[in-house]
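Let me begin by presenting the structure, written as structure tokens, before commenting on it.
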Amino acid sequence: MDSIPILSLILWLPLVAAVIVLFLPERRAMFAVSLAGTLLSLVLSVAVWVSFESGAGMQFRETFDWLPALGIQYALGVDGISLLMVLLNTFLFFLCIVYAWASVHERVKEYLFTMLILEVGITGVFLALDFVLFYVFWEVMLIPMYVLIGVWGGERRVYATVKFVLYTLFGSLLMLVAILALYFVHGNTTGVYTFDILELTQGTYGERFQLWAFLAFFLAFAIKVPMIPFHTWLPDAHVEAPTTGSVILAGILLKMGGYGFIRFSLPLFPDASELAQTAILVLSVIAILYGALVALMQTDLKKLIAYSSVSHMGFVTLGIFSFTQQGLDGAIMQMFSHGLVTGALFLCVGQLYERTHDRLIANLGGLAHRWPVYATLLLFFSLASIGLPGLSGFVGEFMVLLGAFMTGTRIFGVLAVLGIILSAAYMLWMYWRVMLGTLKDAHGRLEDLNRLEAAVLVALAVVVIWAGVQPQMFVELFTADTSGIMQGLAESGVSSAVIR
Amino acid sequence: MQPEDLTSILPEIIITLIAAAVLMVDAFGGRRTHRGLLGLIVAGSVVAILVSVVLRADSGTAFGGMVLTDGYAVFFKVLFIAIAALSIVLAYAQSSEVPFAELSALILFATVGMLLLGATGDLITLYLGVELTSIPVYVLVAIKRDRFRATEGALKYFLLGAFASGVLLYGIAWLFGLTGTTNLANIALYVQSQGADNPWFLLGLGLLLVGLAFKVAAVPFHMWTPDAYQGAPTPSTAFLAAGAKIGAMAGLLRVVVHGLEPWQDMVMPIVIAIAVASMIVGNFVAIWQQDVKRLLAYSSIAHTGYMLVGIAVVHAHSEAGGLMRDAVAAVMFYAVVYALMTLGAFAVTFAVERRTGGTDLENFQNLGRSSPLMAVAMAVFMISLTGIPPAAGFFGKLYLLQVAVNGGLTWVAVVLVLTSTVSAYYYLRVVVNMYMVDIQPRLLPVPASTAIGAVVAIGMIGTLVLGIYPAGAVEWAQAAFEEAGKLANSP
């Protein structure tokens, strides 16, 4: 197994498929190649999972010199945290391509090319073990997302997509300066000049430097998550993005922010993280409550789910900055679950929109009578989003709340619980208004989901149940890695107590 | 003068001979010879590049230290000759509208000046190079003399440019008067032994830097740029932006590396101020431009600012070591990347201009449908100019940022990245117009001129290759500097 560069295959297979797609004339052939590429990536990442040893640190590593003159390497590897993200990523991309088979008919070649490049960029972010390589993938993924929203998006797509790019670029370019500063600060103290992430995260840095660098990284990740008040690009991007764009955006792109906090902010800048803890916890709780309240008031289905994302991602940052094992594990489970559930919800909205050409809740109603399959699946994912026990959402939120209460300042946990109650309110109210009641005349003849569409949602539902009933299978993947991070924090004298 | 001196300027001689031959053939043969002339120029350029590289073996000084033939000079010779050849290929596409032979000859003469700038070891050679570059370029801007914009741009450029040359010469005179020499290395030695506390040094130095800042189009000496860029025929603009600017940059870098080390405390703040001003003004003013040529003009001012950041840290102290080498190599690498993407962007603009008759942003609408390949290429150039991977512009900026942070100028690096974010806005506007605007589709493809297509293809392939595998070019730039560094210590 060691001789096969399996991570490189997972990473680059979609690119190979993308290049082949460029030269194919026929829609069917283009989809066949894209499906094969994404499916192979998925299968290989499952294979990595099967032979993965949890607790053994970074595995399946590959290292080559890329730009030795500047100390830049092509270095890949996975631990439990990144593996879970890669699995989520390859799974969602495969489903998105399947979904697109039924729904995308315009500029198919360009669409598939863009999606496949996007997959390369996002997978690379989770696999990279060199800071510059990480940064390259972090930015590479901007362009296809920009194109996806800008070309296949709705009416105000240009505004939304430019806003998305400018926001993201602003945050990430400052991070680039911080990465370079890190390179020199580490080099000047240890004599080893390297962009190696593992090496750099083992170093210790002065408090003043930590603070500045933490701020730069924080901006990049907070914009991605997005944390309030950096979230304003998200509703615009979601509303204008095509369905699959929304799925990827909510399902994986937002996770890059949380992943960044866990992988970089905590190990690199423990003292600065401790200083920022209270502020970030406050922002997280605001995000949970504000996102939920705004979602409650939305008239547009996509906006509702977009704001529910803000609320759910608040749990992620709450868990991470509780500095407890439970909180950190919960945050990762919440990211995984949110990726599945919100991805599925955006697919549902997309299917609804394709049939009714309407996303305004007021114009819908009574659809459950006509669409029993759709109604069942939407209800299932709505409940999963609320955090029904036995489904994936519950695990993450419960663990995060546990972590929040363990910080000793209960108010964060208490307020966050309110967010869950609010989520029940907006999801169920939405379901009631859209699916129950009287059917609008215009919607009388619309067809229920076809088999392909249903299959995509069922596949997601299976994993949602699996993660809800057997969370241990997923948690034990990464819990050794998170306890390593916790240990690093403890060694730097960081405790979970908010008030010291 | 030794006979060897002549072999050391063989590339310059070859280019001059080609230019002369082009003029003669055209005088007797007329328009029918254009295709043959193009072949002659391209072949001659390849020979000149090969000669430059081969001469690398006997690197040293010539003409008593006035001309240097080190790796640095070779690096820029290869770059400049390539830029000239590509610009001429581009101009070939409009050979029926402009006097192609004169235009090619002018570009070649200007190139000789640029070659001298890269090889300069003396302030006199510097001045010669600057003038030899500038005068043909004034004419290049005005070559469509019946066009109002062309004459206006050329006149502004000429008046301000002549003034800047005067200022440059005055600065050189001051430095000569104070040190008794015009040789860069000797000036540095003189100041090291005698001290630089004479306030008149500052005057001479300031005048010298002002003159060069004008030639590289840095703020606040950039006023001529948008008018000259917009007024000139697009192939001339491409040469002006990619060639003349980098030529002056090569000269400036040479002066800073070899001559100004003792004055680093004075030079650094000046260069930093100019760099920061260029990045801010260039990027912010570009936002308001409707004409793509003007937009690229302001963006080129911003890129001057980026390169000046590298020049500013040439003498900075660093714990990591090797900073001077890295700073020079970063500017050199950026010059290559900048030349590729600028030539490419102007080539696409030229193609659009020939089809739609204008270079406004509106003229780019729906290019994604009507000419997919041109549009993809333009998108790559815009992404590269913004500095987003996997295009070469990213590594160019990364290297500059790295030396800036290494040299303790983190705040300048922050200015660089913040203004880059601003630049994303206007570069993306071009992409938005090509792909994301719903109008009656202009389905007329832009004419598939082989000449333009070749330049676009070379620009795009170069941009992507350097973006994915930059190691070779970076190492070459670093090695080129090592040789130049040796020379500086043994005048």
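The values are calculated or read from the model by the stated rules, or taken from the named source; none is laboratory data. Treat the numbers as computed from the prediction; the structure is a model and nothing was measured. Neighbour counts run over all protein chains shown; Cβ positions are idealised from the backbone, glycine included.
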Tally, over segment B:451-475, of residues that are surrounded by fewer than 16 Cβ atoms within 10 Å (Cβ to Cβ) and touching a Phe, Trp or Tyr at 6+ places or on another chain (Cβ under 9 Å): 1
Of B:Leu37, B:Leu79, B:Leu6, the only residue that is more than 19 Å from B:Val455 (Cα to Cα) and either out of contact with any Leu (no Cβ under 6 Å at 6 or more places or on another chain) or in a helix (DSSP H, G or I) (or both) is B:Leu6
Sort out which residues of segment A:191-245 are in a helix (DSSP H, G or I), closer than 30 Å to A:Val98 by Cβ and among the hydrophobic types (A, V, I, L, M, F, W, C), and write them in order of number. A:Trp233, A:Leu234, A:Ala237, A:Val239
Would you check which residues across segment A:335-382 are of a type in the set (Lys, Arg) and either closer than 30 Å to A:Leu87 by Cβ or in contact with a Phe, Trp or Tyr (Cβ under 7 Å, 6 or more places away or on another chain) (or both) and list them? A:Arg359
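Quickly run through segment A:175-192 and pick out the residues that are farther than 21 Å from B:Val417 by Cβ and at the interface with another protein chain (Cβ under 9 Å from one of its Cβ atoms).
Step one: list which residues in segment A:175-192 are farther than 21 Å from B:Val417 by Cβ, which gives A:188-192.
Passing the criteria: only A:Asn188.
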Can you find even one residue in segment B:424-437 that is more than 10 Å from every other protein chain (Cβ to nearest Cβ), out of contact with any His (no Cβ under 9 Å at 6 or more places or on another chain) and either under 19 Å from B:Gly310 (Cα atoms) or modelled with pLDDT under 90 (or both)? yes
If a residue counts only when it is more than 28 Å from A:Leu460 (Cα to Cα) and within 14 Å of chain B (Cβ to nearest Cβ), which helices (runs of 4 or more DSSP H) contained entirely in segment A:72-172 have at least 2 such residues? A:131-140
Flagged in segment A:361-397 as over 17 Å from A:Leu422 (Cβ atoms) and aromatic (Phe, Trp, Tyr), in numbering order, are A:Trp371, A:Tyr374, A:Phe380, A:Phe381
So A:Phe221, is it within 10 Å of another protein chain (Cβ to nearest Cβ), touching a residue at least 12 places away in the same chain (Cβ under 8 Å), more than 28 Å from A:Ala69 (Cβ to Cβ) and not polar (S, T, N, Q): no
Tell me, please, whether a residue that is more than 10 Å from every other protein chain (Cβ to nearest Cβ), crowded, with 24+ Cβ neighbours inside 10 Å and either among the hydrophobic types (A, V, I, L, M, F, W, C) or part of a helix (DSSP H, G or I) (or both) can be found in segment B:354-363. no
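Select, from A:Leu42, A:Leu22, A:Leu112, the only residue that is farther than 29 Å from B:Val465 by Cβ and out of contact with any Asp or Glu (no Cβ under 9 Å at 6 or more places or on another chain). Don't jump to the end; show me each part of the working.
Details: A:Leu22 fails: farther than 29 Å from B:Val465 by Cβ; A:Leu112 fails: farther than 29 Å from B:Val465 by Cβ.
That would be A:Leu42, the only listed residue that is farther than 29 Å from B:Val465 by Cβ and out of contact with any Asp or Glu (no Cβ under 9 Å at 6 or more places or on another chain).
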Restricting attention to segment A:262-302, which residues are outside any helix (DSSP H, G or I) and β-branched (Val, Ile, Thr)? A:Thr299
Do the conditions hold for A:Phe23, that is, is it within 14 Å of chain B (Cβ to nearest Cβ), closer than 15 Å to A:Ser8 by Cα and without any contact (Cβ under 8 Å) to a residue 24 or more places away in the chain? no
Taking the conditions exactly as written (closer than 23 Å to A:Leu318 by Cβ and over 21 Å from the mean Cα position of the chain (by Cα)), does A:Leu402 satisfy them or not? yes
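Filter segment A:274-286 for residues that are crowded, with 18+ Cβ neighbours inside 10 Å and closer than 22 Å to A:Val310 by Cβ and give the result. Give the derivation first.
Initially, segment A:274-286 is screened for residues crowded, with 18+ Cβ neighbours inside 10 Å, giving A:274, A:276-277, A:280-281, A:283-285.
Scanning segment A:274-286 gives A:Ala276, A:Gln277, A:Ile280, A:Leu281, A:Leu283, A:Ser284, A:Val285.
Do we have B:Ile311 as surrounded by 24 or more Cβ atoms within 10 Å (Cβ to Cβ), within 14 Å of another protein chain (Cβ to nearest Cβ) and hydrophobic (A, V, I, L, M, F, W, C) here?
Working: surrounded by 24 or more Cβ atoms within 10 Å (Cβ to Cβ): yes; within 14 Å of another protein chain (Cβ to nearest Cβ): no; hydrophobic (A, V, I, L, M, F, W, C): yes.
It is false that B:Ile311 is surrounded by 24 or more Cβ atoms within 10 Å (Cβ to Cβ), within 14 Å of another protein chain (Cβ to nearest Cβ) and hydrophobic (A, V, I, L, M, F, W, C).
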Scan segment B:380-405 residue by residue and report those that are within 7 Å of chain A (Cβ to nearest Cβ), free of Cβ contacts under 8 Å to residues at least 60 places away in the same chain and not in a helix (DSSP H, G or I). B:Ile388
Number of positions in segment B:406-416 that are of a type in the set (A, V, I, L, M, F, W, C), within 7 Å of chain A (Cβ to nearest Cβ) and surrounded by fewer than 24 Cβ atoms within 10 Å (Cβ to Cβ): 1
Return the residues of segment A:44-71 that are surrounded by 13 or more Cβ atoms within 10 Å (Cβ to Cβ), in a loop (DSSP other than H, G, I, E, B) and of a type in the set (A, V, I, L, M, F, W, C); say none if nothing qualifies. A:Phe52, A:Met58
